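The values are calculated or read from the model by the stated rules, or taken from the named source; none is laboratory data. The shown structure was predicted, so the numbers you read here are calculated from the model rather than taken from an experiment. Using ideal geometry, Cβ is built from the backbone for each residue, glycine included, and neighbour counts are taken over all protein chains shown. For the accessible areas, the whole protein counts, side chains as well, though only heavy atoms, and no ligand, DNA or RNA atoms are used. Shrake-Rupley method; radii C 1.70, N 1.55, O 1.52, S 1.80 Å.
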Amino acid sequence: MKRFISLITIFSLLLTGCTPDKEILDDINLVTLIGFERVDRQTQGTTVVPQYQPDGSINNDYFTAVGEFGKDIGQKLNLQTQRPLASGKIEIVLFGKEFAEGGVIETSDAFRRDPSVSANLKLAVYDGNAHDFIMEHRLPNQDLGMALTRLIEQNSKQETFPPTNIHLFFRAFFTEGKDSFLPLLGVKERNVYLKGISLFKKGKMVGELPASDLYLFTLLHNGFKNGSLVANVKELKGQVSLGHIDAEPKIEFKGDVDSPEVTYNINLKAVINEYSGDIKGIEKKVNLIEKSVNKELKNKAESLIKSLQEQNLDPLGVGKSASAHYRNWNEKEWNEIYPDLKVKVNFNTNILESGVMR
């Protein structure tokens, strides 16, 4: 373990911790993406350096090296470059899935402690080999590091995924009663997409959630201010698309700390953007639609929470909320009862207007 910590720390230091205002841009290579992978019990570091051309186009340079020690990797990387590599503009650190399953804390902590690296640095897991992805996915005229960062940021902005960066990842890691998570990226038909959520326990990836759970996970984790979702209305044999959703989850605890009753209460305000059923007399169907949405969201939310409990994972921070409620809360004892807790979710949907109908 000490050897691995040393490896990553030295590797980070060898990527010169400078920022553009301290160095002449023509004299350094600004790394925007670093990928980490396991290779025969060694670590492989792969960097992406965008080169901006006089005509405004962008070419990416790729450098990769494998080594047992950080100094070895850093030296091998610098042997390939005409200018020293600098980490001051790094946008994202990408972990291969196998690497993430072995643990990412030591690696990430080196960047967290680097004063030249932004606190908004993104961490993500690629569902496959990170090195192969970086070398094979060469976007024309785009900075690959910036492109991946924008993919994550726009999904957070659209409230498809909770806000995420290295600071928030470590906040969850150090918080009792809460587990960390990161975006899980994949490739489909050569297009990068947000495949789901990678779930962590003590710094190691141990599970994942599919993209279909993203909106509910985000809703339960931090609520919506202007979210959207699609729900089935079985009673009317149709689907409804809700937008401009304002919802804040509130969690309540009843009973003793050793056998609490946990309830999420979520008041959800929204407008109907689209409805696939018969729109005649839709105003009279609003109450039925609200009840149907409440029922479907309740079932899906409780199923999602139960699946997390079965894995003894708490990325939603139920334990954190319990620690604030109970004075005698104990993390070890909580972890023993958490998988068997009965967690209820109640939705109260209020449709404010019909919006645009189909």
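If we keep just the residues of the stretch 202-218 that are over 23 Å from V345 (Cβ atoms) and not β-branched (V, I, T), which is surrounded by the fewest Cβ atoms within 10 Å (Cβ to Cβ)? I'd like the intermediate steps shown before the answer.
Our first condition is that a residue be over 23 Å from V345 (Cβ atoms); within the stretch 202-218, this holds for 202-206.
Remaining after also requiring not β-branched (V, I, T): 202-205.
Numbers: K202: 10, G203: 19, K204: 14, M205: 23.
This residue is K202.
Which of the residues spanning the stretch 181-191 are open to solvent by 10 Å² or more (accessible area, probe 1.4 Å) and either under 21 Å from G207 (Cα atoms) or among the basic types (K, R) (or both)? Full working, then the answer.
Taking the stretch 181-191 as the starting set, the residues that turn out to be open to solvent by 10 Å² or more (accessible area, probe 1.4 Å) are 181, 187-191.
Those that are open to solvent by 10 Å² or more (accessible area, probe 1.4 Å) and either under 21 Å from G207 (Cα atoms) or among the basic types (K, R) (or both): F181, V187, K188, R190.
Mind telling me which of the residues N350, N294, N287, N328 ends up being within 15 Å of L229 (Cα to Cα), among the polar types (S, T, N, Q) and more than 27 Å from the chain's Cα centre (by Cα)?
On the way: N294 fails: more than 27 Å from the chain's Cα centre (by Cα); N287 fails: within 15 Å of L229 (Cα to Cα); N328 fails: within 15 Å of L229 (Cα to Cα).
Unique residue meeting the criteria: N350.
Give the stretch 31-53 a look and list any residue that's under 25 Å from the mean Cα position of the chain (by Cα) and among the hydroxyl-bearing types (S, T, Y), or say none.
Residues satisfying the conditions are T32, T43, T46, T47.
What helices (runs of 4 or more DSSP H), lying completely within the stretch 232-341, carry at least 1 residues that are under 23 Å from T160 (Cβ atoms)?
Values: elements: 282-310, 318-325, 331-337.
Because the criterion is at least 1 residues that are under 23 Å from T160 (Cβ atoms), the helices (runs of 4 or more DSSP H) in the stretch 232-341 that meet it are 282-310, 318-325.
Of the residues that sit in the stretch 119-161 and are hydroxyl-bearing (S, T, Y) and open to solvent by less than 40 Å² (accessible area, probe 1.4 Å), which one is farthest from T107 (Cα to Cα)? Please lay out each step first, then the result.
The initial filter retains those residues of the stretch 119-161 that are hydroxyl-bearing (S, T, Y), namely 126, 149, 156, 160.
So of that shortlist, the ones also open to solvent by less than 40 Å² (accessible area, probe 1.4 Å) come out as 126, 149, 156.
Working: Y126: 16, T149: 19, S156: 24 Å.
Applying the filter and picking the extreme gives S156.
When the residues of the stretch 29-50 are filtered to those that are assigned to a strand (DSSP E or B) and more than 15 Å from G67 (Cβ to Cβ), which remaining residue is most open to solvent (accessible area, probe 1.4 Å)? Please lay out each step first, then the result.
Of all residues in the stretch 29-50, those assigned to a strand (DSSP E or B) come to 29-30, 33-39, 42-50.
Add one more test, that the residue is more than 15 Å from G67 (Cβ to Cβ), and what stays is 29-30, 33, 48-50.
Values: N29: 6, L30: 36, L33: 0, V48: 0, V49: 1, P50: 14 Å².
Among them, the one singled out is L30.
Within the bounds of the stretch 129-142, is there any residue that is in contact with a Pro (Cβ under 7 Å, 6 or more places away or on another chain) and either within 15 Å of F95 (Cβ to Cβ) or assigned to a loop (DSSP other than H, G, I, E, B) (or both)? Break it down stepwise before answering.
Residues of the stretch 129-142 that are in contact with a Pro (Cβ under 7 Å, 6 or more places away or on another chain), as a first pass: none.
For the stretch 129-142, residues in contact with a Pro (Cβ under 7 Å, 6 or more places away or on another chain) and either within 15 Å of F95 (Cβ to Cβ) or assigned to a loop (DSSP other than H, G, I, E, B) (or both): absent.
Can you find a residue that is of a type outside the set (G, A, S), surrounded by 18 or more Cβ atoms within 10 Å (Cβ to Cβ) and in a strand (DSSP E or B) anywhere in the stretch 162-177?
No: the stretch 162-177 contains no residue that is of a type outside the set (G, A, S), surrounded by 18 or more Cβ atoms within 10 Å (Cβ to Cβ) and in a strand (DSSP E or B).
Condition check ((1) within 20 Å of G207 (Cβ to Cβ); (2) among the basic types (K, R); (3) open to solvent by less than 100 Å² (accessible area, probe 1.4 Å)) across all residues:
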{"position": "E310", "(1), (2), (3)": "yes, no, no"}
{"position": "D314", "(1), (2), (3)": "yes, no, yes"}
{"position": "E333", "(1), (2), (3)": "no, no, no"}
{"position": "L341", "(1), (2), (3)": "yes, no, yes"}
{"position": "V345", "(1), (2), (3)": "no, no, yes"}
{"position": "T349", "(1), (2), (3)": "no, no, yes"}
{"position": "E353", "(1), (2), (3)": "no, no, no"}
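Hey, among the residues in the stretch 67-106 that are acidic (D, E) and over 17 Å from H131 (Cα atoms), which one's modelled with the lowest pLDDT?
Per the stated criteria, the residue is D72.
Condition test on G196, is it modelled with pLDDT of 95 or more, surrounded by 15 or more Cβ atoms within 10 Å (Cβ to Cβ) and either in a strand (DSSP E or B) or among the acidic types (D, E) (or both)?
Numbers: modelled with pLDDT of 95 or more: yes; surrounded by 15 or more Cβ atoms within 10 Å (Cβ to Cβ): yes; either in a strand (DSSP E or B) or among the acidic types (D, E) (or both): yes.
For G196, the condition - modelled with pLDDT of 95 or more, surrounded by 15 or more Cβ atoms within 10 Å (Cβ to Cβ) and either in a strand (DSSP E or B) or among the acidic types (D, E) (or both) - is met.
What's the number of the condition L229 fails, among (1) aliphatic (A, V, I, L, M); (2) open to solvent by 70 Å² or more (accessible area, probe 1.4 Å); (3) within 25 Å of K250 (Cα to Cα)?
That leaves (2) as the condition not met.
With the checklist (1) at pLDDT below 95; (2) of a type outside the set (G, A, S); (3) under 10 Å from the mean Cα position of the chain (by Cα) in hand, flag the one item P163 doesn't pass.
(1)
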